[in-house]
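Novice: Take this structure, written in structure tokens, and hold onto it; I'll ask about it next.
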Amino acid sequence: MAREGRGGPSGISIGGSTVSCSHRGPAISLRRRKPDAKADTLPNRSTMVAPIDFLNMHTYFDALVLMYRVTTQLAAKYHRSEDLVTIREHQAAFSRAVGAQDALAMIATNADFHLAIAAAGRNAYFTALFKRLLDEGRRILRLYYQSYEDRLPRRFVEEHDEIIAAIETRDEAGAEQLSREHARQIVLQVQKLMVRGDSLDIRL
């Protein structure tokens, strides 16, 4: 991926690193982006969106699924009544976005929903990590919704409702299991998009 500048391409992204070619001279600079950076600043002060790190995607998914599980279980244990009000408000917004087939709104409201659950778990460190993972995964989630042509099956909205019910009844084991299955479904769908299960079979 290259960004065009006045003097031609200013950078090419390869495996999470940026090879930057300046029009001022032949020198080539190789610089790795910070783990939490969503945009890189190139040597000529231009910027571009940081690439998806496909080589470490499996570790990202491991961390994401774990945060779904941990934060939802903690919410079942430590939530207060006002937390449920906030969670339900975000769920209603997500449901409207699904009905409108608005992918960008689905991504935003889904993140708000799960971060509200994380906040109800009363662990700011887990919440901060989960927010970072959700922010980094926005482009991945866009691929996920696109795989359904932005017509997300209603059952995924209902899964959110089931998670809320488990949190409300303080069913820690149930909340953890539901969130694990919910997250794994997303991961498996994205993985199917990245790796084709069939192969090209033609006669030469």
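Novice: Return the loop-located trypsin sites (Lys or Arg not before Pro) in segment 144-178 (DSSP other than H, G, I, E, B) with at most 15 other Cβ atoms within 10 Å of their own Cβ; answer none if there are none.
Specialist: Filter output for segment 144-178: Arg151, Arg170.
Novice: Further question: Lys131 accessible area, nearest 10 Å², 1.4 Å probe?
Specialist: For Lys131, solvent-accessible area is about 100 Å².
Novice: With the cut-off at 1.5 for a/c, could you classify segment 80-163 from its C-alpha gyration tensor as rounded, prolate or oblate?
Specialist: Judged from the Cα gyration tensor, segment 80-163 comes out oblate (a/c at least 1.5, b/c at or above a/b).
The values are calculated or read from the model by the stated rules, or taken from the named source; none is laboratory data. Note that the structure is predicted; figures quoted are calculated from it, not measured. We place every Cβ from the backbone using ideal geometry, glycine too, and count neighbours over all the protein chains shown. Just so you know, the surface numbers come from the protein's heavy atoms only, side chains and all, with ligands and any DNA or RNA stripped out. Shrake-Rupley method; radii C 1.70, N 1.55, O 1.52, S 1.80 Å.
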